[in-house]
Amino acid sequence: MTETNDMHLVIDPTIRNWVFIPIVIITFAVGLLRYYCVALLVSGDKQDLQQITDGHAMMRARLLIKNGKYLPRDSFLMRKDFFVNEETGCLTKIIKSQQLGNVQMTMMQSFQTRMIELLPMVVIGSFIEKLLSGFVVAKIPFPVTLNFKKLLQPEIHVKAIDTCWISSLA
């Protein structure tokens with residue numbers, strides 16, 4: 001990186017080749033790996049016909065609530081009875097058939113997915129911080145305020161550098 005008298009920075013091509021390009025490749029590779037890990041670890045249980053039917057019934061009930069004011073009163077009450085009748089109502093059957101185990105399994109799958117997404121980002125961040133920190137690697141083509149300096153240049157403590165420059169850690 002060289003610096004001229006009027007404070008214009010020029011990025012050395014070796015920094016681009018040995019810092020910026022590896023960061024892009026590593027981020028892309030970890031993104032692919034994370035996608036396939038989520039696809040393998042999260043069970044691919046197919047929904048059965050009953051679950052699909054229940055989902056459509058819930059969607060139709062939401063539409064009735066949202067747009068019921070446009071229906072004649074008798075039509076609305078008839079549709080409402082179809083959904084919430086205590087003996088034969090479609091939604092009362094769905095509520096009775098739901099079990100706590102399904103909710104717990106869904107929560108566990110959500111937790112696994114979040115952890116699979118979080119851990120690689122922590123590893124990449126620590127890897128870049130240890131090996132590739134302190135390099136200015138790119139420039140934003142538009143001006144930003146000084147509030148963004150902490151985000152774009154977290155490990156560079158030179159006040160004379162314009163806020164448009166991005167460090168490797170950012």
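The values are calculated or read from the model by the stated rules, or taken from the named source; none is laboratory data. Please read these numbers as outputs of a predicted model, since none were measured by experiment. All Cβ positions, even for glycine, are placed from backbone atoms using ideal geometry, and neighbour counts span all protein chains on display.
Within the set of pairs 6+ apart or on separate chains, which have a first residue in the range 143-164 that is closer than 16 Å to Gly125 by Cα, a second that is at pLDDT 75 or above and hydrophobic (A, V, I, L, M, F, W, C), and C-beta atoms under 6 Å apart?
The qualifying pairs are Leu152/Ile166.
If you take just the helices (runs of 4 or more DSSP H) that sit entirely in the range 1-117, which of them hold at least 3 residues that are at pLDDT below 75 and polar (S, T, N, Q)?
Details: elements: 21-41, 49-67, 73-84, 90-97.
No helices (runs of 4 or more DSSP H) qualify here.
For the range 120-142, how many residues meet the condition of being among the charged types (D, E, K, R) and part of a helix (DSSP H, G or I)? Quick ask: steps written out before the conclusion?
Of the range 120-142, the ones among the charged types (D, E, K, R) are 129-130, 139.
Now drop any that are not part of a helix (DSSP H, G or I), which leaves 129-130.
Total meeting the criteria: 2.
Table: residues versus (1) within 24 Å of Thr14 (Cα to Cα); (2) surrounded by 12 or more Cβ atoms within 10 Å (Cβ to Cβ); (3) modelled with pLDDT under 80.
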{"site": "Leu119", "(1), (2), (3)": "no, yes, no"}
{"site": "Ile124", "(1), (2), (3)": "yes, yes, no"}
{"site": "Glu129", "(1), (2), (3)": "yes, yes, yes"}
{"site": "Val136", "(1), (2), (3)": "yes, yes, yes"}
{"site": "Pro143", "(1), (2), (3)": "no, no, yes"}
{"site": "Pro154", "(1), (2), (3)": "yes, yes, yes"}
{"site": "Val158", "(1), (2), (3)": "yes, no, yes"}
{"site": "Ser168", "(1), (2), (3)": "yes, yes, yes"}
